[in-house]
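Asker: Have a look at this one before I ask anything.
The values are calculated or read from the model by the stated rules, or taken from the named source; none is laboratory data. Note that this is a predicted model, so its numbers are computed, not measured. Methodologically, a virtual Cβ is constructed for each residue, glycine included, from the backbone with ideal geometry; neighbour enumeration extends over all protein chains shown. Just the protein is used for accessible areas: all its heavy atoms, side chains included, with ligands, DNA and RNA removed. Shrake-Rupley method; radii C 1.70, N 1.55, O 1.52, S 1.80 Å.
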Amino acid sequence: MSSATSLTQVANFRWHRHQLDRAAAGDADHSDCSILDLGIQNTGPDGAAWALRIRGVRGDVTELALAWTLRGAPHYYRRGDLPAIAVATSPFSEADAAKRIYDANRPLKAAGIPTLSALQTVATAMRDIVSKPTVKGEMSAQLTTRVTEPFLRFCRPCNATHLYEMPFRLAALQAGLELQPGTSPPMLERIPGWRRRPYTASGSDADPRFDVIRGYLRFYGPATPAHVASFLDAPVKDVKAHWPVDAEEIEVNGEKRWILEQDREDLLGSPSDSSTRLLGPFDPYVQLKDRETLVPDPAAQKTVWPTLGRPGTVVVGGTITGLWRPRASGKKLKVAITPWGTWSRSARAAVAEQAEILAEFRGVELSELVEVS
């Protein structure tokens, strides 16, 4: 095992890997945004577009492609990478596929239908249905006439019978379907030039650049197989079976973890940075699964990652120093901040500057920066 690594080194490494030490108003393009290899979740009012902006990317998010992938959440990717992403985000095994669709697998198993076969059935039907842009509800209604009872459930909120949610989401990209950005309810459409491929356990065949296990280690290392499994909703057994051969052990805070061999020097030598950023609630930087590394205090963790209504985080050089929430009213934006500890005058000025960038990003005027407990 390599020598111990401090939490400060880990924070510096991750902050740099997420490119959050670049100028927020920079002119980088999508090809120079590394986290797009793993995907940027598009959740919340500012979503992936704000995550790109604070990484110095000026390109329009509509130049990218939006698809349901990891954890069934919508993620943005470079359009040309979608075929590789479809392979990389596929399950590693039948057991992995079963775990990723949660309770939807119970009736399939009882009916003797293999999970991967079930997902292929759904993907084939979805592809046939979407000959033109199709709203999710219409897709769901048509699917209920094309699959058998083990695929369906009664939904109390909808007061209707339809397909389980996770098979629906995880089959879409494999069917060659993407999401139209900005549509609610979601609109699905065919990906131009898509070549059909069977829904198989092909995650292990991924291009190393898009391999999701390597991707987690690239952006959230040092990490354990359990961290990666939680991020993917995959079994730890499958993650261990596909663990990179070039991952080397390293100690962090008394725990054995792993880092890709090629990243070891960066981990030990990433420079410190004092940049302030207002991260969105689902920014990739806070999607890590070793939350205690970023926020050691369990009580504070509950404020950063509550069950409902996540706040944004104020982060300085990789360390969370407070929380923020937007309060919009017409063409005015008020940003409510909750400092952790005492902020200096310069720290407040840095937050105010970032709030101005957020207002400009939203096309409104910053009216006030208000402190709340």
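Asker: Has the stretch 232-239 got at least one residue that is closer than 16 Å to Arg100 by Cβ, open to solvent by less than 60 Å² (accessible area, probe 1.4 Å) and of a type in the set (D, E, K, R)?
Answerer: yes
Asker: Another question, then. Quickly run through the stretch 130-188 and pick out the residues that are basic (Lys, Arg) and over 25 Å from the mean Cα position of the chain (by Cα). First the steps, then the outcome.
Answerer: Step one: filter the stretch 130-188 for residues basic (Lys, Arg), giving 132, 136, 146, 153, 156, 169.
Passing the criteria: Lys132, Arg146, Arg153, Arg156.
Asker: So, in the stretch 150-189, of the ones that are in contact with a helix residue (DSSP H, G or I) (Cβ under 8 Å, 6 or more places away or on another chain) and charged (D, E, K, R), which residue ends up farthest from Leu108 (Cα to Cα)?
Answerer: Glu178
Asker: Now for a different question. If you go through the stretch 353-373, how many residues are in contact (Cβ under 8 Å) with a residue 12 or more places away in the chain and in a helix (DSSP H, G or I)?
Answerer: Residues flagged as in contact (Cβ under 8 Å) with a residue 12 or more places away in the chain and in a helix (DSSP H, G or I) within the stretch 353-373 amount to 8.
Asker: If the requirement is being surrounded by 15 or more Cβ atoms within 10 Å (Cβ to Cβ) and farther than 20 Å from Ala48 by Cβ, which of these qualifies: Thr313, Thr307, Thr319? First the steps, then the outcome.
Answerer: Working: Thr313 fails: farther than 20 Å from Ala48 by Cβ; Thr307 fails: surrounded by 15 or more Cβ atoms within 10 Å (Cβ to Cβ).
After applying the criteria, what remains is Thr319.
Asker: Go through (1) on the phi < 0 side of the Ramachandran plot; (2) within 20 Å of the chain's Cα centre (by Cα); (3) open to solvent by 10 Å² or more (accessible area, probe 1.4 Å); (4) of a type in the set (Gly, Ala, Ser) for Ala229 and report which single condition fails.
Answerer: Here Ala229 clears every test but (3).
Asker: Could you check Ala141 against (1) aliphatic (A, V, I, L, M); (2) modelled with pLDDT of 95 or more; (3) open to solvent by 30 Å² or more (accessible area, probe 1.4 Å) and say which number it fails?
Answerer: So the condition that Ala141 fails would be (2).
Asker: When the residues of the stretch 354-369 are filtered to those that are charged (D, E, K, R) and either loosely packed, with under 14 Cβ neighbours inside 10 Å or touching a Cys at 6+ places or on another chain (Cβ under 7 Å) (or both), which remaining residue is farthest from Val61 (Cα to Cα)?
Answerer: Step one: filter the stretch 354-369 for residues charged (D, E, K, R), giving 356, 360, 362, 365, 368.
The next check asks that each one be either loosely packed, with under 14 Cβ neighbours inside 10 Å or touching a Cys at 6+ places or on another chain (Cβ under 7 Å) (or both); those that pass are 365, 368.
On the way: Glu365: 22, Glu368: 28 Å.
In this case the residue turns out to be Glu368.
Asker: Enumerate the pairs (first residue in the stretch 202-218 and modelled with pLDDT of 95 or more; second residue anywhere and polar (S, T, N, Q) and surrounded by 21 or more Cβ atoms within 10 Å (Cβ to Cβ)) with beta-carbon separation below 8 Å, excluding pairs fewer than 6 apart on the same chain, so at least 6 apart or on different chains.
Answerer: Pairs found: Val212/Thr89.
Asker: Output the residue which, of all residues in the stretch 334-347 that are in a strand (DSSP E or B) and either aromatic (Phe, Trp, Tyr) or touching a Lys or Arg at 6+ places or on another chain (Cβ under 6 Å) (or both), is farthest from Ser274 (Cα to Cα).
Answerer: Lys334
Asker: Is it the case that the stretch 37-46 has a residue that's at pLDDT below 95, within 16 Å of Arg277 (Cβ to Cβ) and open to solvent by 40 Å² or more (accessible area, probe 1.4 Å)?
Answerer: Yes, the stretch 37-46 contains a residue that is at pLDDT below 95, within 16 Å of Arg277 (Cβ to Cβ) and open to solvent by 40 Å² or more (accessible area, probe 1.4 Å).
Asker: Kindly evaluate Asp27 against the criterion of being of a type outside the set (S, T, N, Q) and touching a Lys or Arg at 6+ places or on another chain (Cβ under 6 Å).
Answerer: On the way: of a type outside the set (S, T, N, Q): yes; touching a Lys or Arg at 6+ places or on another chain (Cβ under 6 Å): yes.
For Asp27, the condition - of a type outside the set (S, T, N, Q) and touching a Lys or Arg at 6+ places or on another chain (Cβ under 6 Å) - is met.
Asker: Here's something else I'd like to know. Would the stretch 19-35 turn up any residue that is aliphatic (A, V, I, L, M) and in a strand (DSSP E or B)?
Answerer: In the first step, residues of the stretch 19-35 are kept if they are aliphatic (A, V, I, L, M); the result is 20, 23-25, 28, 35.
Pick out the ones that are also in a strand (DSSP E or B) and you get 28.
Scanning the stretch 19-35 turns up at least one residue that is aliphatic (A, V, I, L, M) and in a strand (DSSP E or B).
Asker: Give just the number: which of (1) part of a strand (DSSP E or B); (2) farther than 22 Å from Ile40 by Cβ does Ala350 not satisfy?
Answerer: Every listed condition holds for Ala350 apart from (1).
Asker: Quick check: is even one residue across the stretch 82-91 over 19 Å from the mean Cα position of the chain (by Cα) and buried (at least 20 other Cβ atoms within 10 Å of the Cβ)?
Answerer: Taking the stretch 82-91 first, the residues over 19 Å from the mean Cα position of the chain (by Cα) are none.
No, every residue in the stretch 82-91 fails to be over 19 Å from the mean Cα position of the chain (by Cα) and buried (at least 20 other Cβ atoms within 10 Å of the Cβ).
Asker: Considering only residues that are in contact with a Pro (Cβ under 7 Å, 6 or more places away or on another chain) and in contact (Cβ under 8 Å) with a residue 60 or more places away in the chain, look in the stretch 172-187 and name the one that is most open to solvent (accessible area, probe 1.4 Å). Steps first, answer last, please.
Answerer: Of the residues in the stretch 172-187, the ones in contact with a Pro (Cβ under 7 Å, 6 or more places away or on another chain) are 179-180, 187.
Next, only the ones that are in contact (Cβ under 8 Å) with a residue 60 or more places away in the chain stay: 179-180.
Numbers: Leu179: 11, Gln180: 50 Å².
Only one residue fits best here, namely Gln180.
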